[in-house]
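A short reminder: the numbers here are calculations on the coordinates, not readings from a lab. This is a predicted model, so every value here is computed, not measured. Cβ coordinates were reconstructed from backbone atoms using ideal geometry, including for glycine residues, and neighbour counts include every protein chain displayed.
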Amino acid sequence: MDDVLVTGLGALSPLGAGVDAFWRGMHKADTAPTRVPDPLARMDHPLMYLVPEADVPDGPEEQDGLPLGRGSRFALAAAREAVADAGLTVVPGPGERPEAGGPDPRRVAVALSSGMGDTDLHEGWWTGEAPASGRWAPPFPLASVVGGWFGAQGVNTCVSNACAASGYALSVGADLIRSGEADVVIAGGAEAYSRVALACFNRLGAIDPERCRPFAVERRGTVFGEGAAVLVLESAAHARARGVRTVYGRLAGTGWSCDAYHATAPEPSGEQIERAMREALREAGAEAESGGESGSGGLGFVIPHGTGTALNDVVESRVLDALTPGTPLYSVKALIGHTGGAAGAFAALAAGLVLHHRTLPPNVPVGEPDPECAVPLPSGSAPMTGAYGLVNAYAFGGNNISLVFGEAAA
Amino acid sequence: MNSEPVVGLVVTGIGTVDADGFDFRTALGRHGYKYLPAASQYFLAAAKRALAQAGPDALEAVGPEQRGAAVGTNSAAVALHHRMDRTVTETGAGDLSPVTAPYFSINLFGSRLATEHDLKGFNLTLTSPRVAGLEALQTGQRALASGRARRLLAGATEEALPEGEPGAGLSEAGAVALVLEPEPAARSRGAAALGRVGVRSFFLPPKAAASAEGAEHAAALLRDALDALGHRPDRPLAVTAVLDGSPVGAAMAAALDEKALGGRALGGRALVGQPERVPAGAGALEPVARVAAALGAPEGHPHAVVTAAAEGNAAVCLITPGARLDAPAGADASAVAEAPAIPEAPAGADASAGSEQPMSGRRRGSDR
């Protein structure tokens, strides 16, 4: 089976625009949420990790007549960077001269996910802003917008499995390559501030009033973040044929499951998240008899789902302690908050960078660890000795996914 | 993966729900559903009807981890979000209902299905403009082909857009659900195969659609899709096109029009009459409803449901109705070659079971 390689990365995050800003921010490990600049955000904790105002794309306002929300603009910004990083060129438009050696646009797919899409656009209309036209504006056009910009003609899909959405987008993208439906997939996720989403999490009592503190004893919920992370997935054969510059890693294994238990709460035994992890590790060839093998050649790190909510962190910790004992964790959410539908893609982006640089950055200090969460969260930077990284993403509705990324072949 | 890859899927149950006259008490039961948003109720009711037709053991023949679900929707949450936002901006988040608050998340509309039927393989929510329902069939079947499960519940659900929302006049409201399982499994339990469905989706960039070569672009993509679905060019094909008036919709319509393309529509494939044109709505429901209707057509005539959105998303579903299926739809050529021979469904298999059978596999009877 052809390997699925990561050949391009793009990011727009609370750490700023670009992958370099993201990597620098991971090492600086110093962030904090801010109050959302929305006078209509009538809720107890209107806090988020926001994309810095200076880095928010100032457009486009529309594409091919479709008005774009913040989520679509975020997705476009990250996709532009990822595509350029992969050395791909946008498909020429009608009447433009095609570039020699470009990918077959029919075999370029887009799998970009979001939990709320461009809901911010609609919220503006509901509070007095006038729509530019009477055209129906589907709330989840992010993949379409990126596909239209690039000129991709393959599968174009938005999986909206809430906070696991972009993990599923990446996995579906890998399936498209492995099934022979695509050579290249622009995959990832984007999430932007939505008043409705933040209000509902406030109503559910799930917002930490201070910061996102996964696995900390004083954690009191999560704090949302926003941004977009995009990865270019590519078949190894296609990448070889066009002589790619950089391979960040391989998407080596995936595992799906569903708790089928509760709308919002994780299933306490962790049976289904364990099944997803085991499946991803097995497919990647990264499992040991008693679980994920740590150290050289084995599992080097885990980027957990860990949101800072009470039960999620305990359940995930117990399974990780049993399955991947001693393997260090790196918490993306402690750094940029819970980016919802983009969280899986941000975790994958971080995994790709860790594998590429072979360094595990320091975790953001979040206070005293919870003794019920027996997982190592190193506070200092360290060399990454393993060959694989495990990424988890879970969601409302009990939607679980695990992804295993492997180092690029020598 | 969970199991060996599954090929040769057939539809054994179809459930449809129209929002007009829908009463959750009648369709689902008096208790436990009152506070579910409408689109969630619709999809649960459609699934209940589909499972009733498929038979009580359609899912239970395999374990919970071998059961998957996929639902497509564009507009299920918009009206609810509108109401929620009004509450937040007028009186504050504290006045939101804690029961409906989780439904800010679009994937919740399909999640109750998983808890009621113990679907632990996967539960996908797809939201691509207009094609999301067909994508639910496509992505769900691809997941089964990858070994992620062995049974699939898939379909679409929508709720009407709020008044004043752009596109509200084109609102869709209701749901369709299909049960899919391997043909040998259906045969062994005496269930009737209603037909096969196969989906290929693709993207017609709006700029390309609006160009002078737009119809040619669309025709080429449609031909590729039908080839991938294994449709033989010499086999008469009925076509239903669910399209809007956008440049993408117009290009797709022209691609289906023999006159517009000088006899080169779909590469000279034989069409059964003129394509049926159906105005597209503001959602992903109508294309799946047309698939369900085509499955009820006389045995043997393949039928394609084609749809596209102004944003560029497009899909074609090839339906081969009936139990005698000599031309599998939807599997790639390699998978088709490995599919078992398709025998006739056993006589007496009840394809018209009533919709009031008890819900199978239900674990909980009330909201939690």
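List of remarks:
- Beta bridges assigned by DSSP with both partners in the stretch A:49-205 are antiparallel in approximately 20 percent of cases.
- Value of Rg to Rh for the stretch B:1-128, rounded to two decimals, is 1.02; Kirkwood radius and Rg both from alpha-carbon coordinates.
- Residue (of B:G190, B:T127, B:A177) at the positive-pole extreme of the stretch B:9-194, dipole from beta-carbon charges: B:G190
- By average C-beta atoms within 10 angstrom, highest first, the peptides B:307-317, B:214-224, B:19-29, A:377-387: B:307-317, B:214-224, A:377-387, B:19-29
- Anisotropy class of the protein assembly as shown from Cα gyration tensor, a/c 1.5 cut: rounded
- For the stretch A:104-256: rounded, prolate or oblate by the Cα gyration tensor [a/c cutoff 1.5]: oblate
- Calculated SAXS-style log₁₀ I(q)/I(0) at q = 0.10, 0.12, 0.15 Å⁻¹ - the stretch A:4-242, Debye, Cα scatterers: -0.49, -0.70, -1.04
- Whole-number D in µm² s⁻¹ for the stretch A:252-406, Kirkwood Cα-pair radius fed into Stokes-Einstein, 4 °C, 1.567 mPa s: 86 µm²/s
- Net charge of the neighbourhood of A:H45, taken over other residues with C-beta under 15 Å away and scored Lys/Arg +1, Asp/Glu -1, is +4.
- Here is the list for the stretch A:1-76: GluC sites (Glu not before Pro) lying in DSSP coil, each with at most 14 other C-beta atoms within 10 angstrom of its C-beta, are A:E61.
- Bridge type composition, the stretch A:252-406 - antiparallel percent by DSSP, nearest 5: 75 percent
- Peptide A:2-9, shielding by other chains (average Cβ, 10 Å cutoff): 0
- Dipole in debye (nearest 20) - the stretch B:9-194, about Cα centre, beta carbon charges: Lys, Arg +1; Asp, Glu -1: 640 debye
- Taking each DSSP H run with n ≥ 4 as -39500 (n - 2.57) and averaging over every residue of the protein assembly as shown yields -9000 deg cm²/dmol at 222 nm.
- Ignoring lysines fewer than eight residues from B:K34 along the same chain, the ones with Cα atoms less than 28 angstrom from its Cα are B:K48, B:K120.
- Beta bridges per DSSP with both ends in the stretch B:196-326, % antiparallel, nearest 5: 60 percent
- Whole-number D in µm²/s for the stretch A:1-99 (Stokes-Einstein; Kirkwood sum over Cα pairs; 4 °C, 1.567 mPa s): 80 µm²/s
- Under the shape rule built on the C-alpha gyration tensor, where the axes satisfy a ≥ b ≥ c, chain A is oblate, since a/c reaches at least 1.5 while a/b does not exceed b/c.
- Span-like helix ranges in chain A, DSSP H, alpha carbon extent 18 angstrom or more, Kyte mean at least -0.5: A:70-85, A:165-178, A:310-323, A:343-357
- Shown for A:D321, B:D18: other C-beta atoms within 10 Å of each C-beta, ranked fewest to most, produce the order B:D18, A:D321.
- Charge dipole (debye, nearest 20) of the protein assembly as shown; +1 at Cβ of Lys and Arg, -1 at Cβ of Asp and Glu: 660 debye
- Surrounding net charge for B:V11, when Lys and Arg each add one and Asp and Glu each subtract one, Cβ distance under 9 Å: 0
- Packing-based ranking, highest mean first, of B:162-170, A:115-123, A:81-89, A:197-205 given that Cβ atoms within 10 Å are counted: A:115-123, A:197-205, A:81-89, B:162-170
- The relative contact order of chain A, computed from alpha carbon pairs under 8 Å that lie at least 6 residues apart in sequence, is 23 percent.
- Under the criterion of Cα pairs below 8 Å and six or more residues apart, the relative contact order for the stretch A:252-406 equals 37 percent.
- Summing charges over neighbours of A:E407, with a neighbour being any other residue whose Cβ is under 11 Å away from its Cβ, gives +2 when K and R count +1 and D and E count -1.
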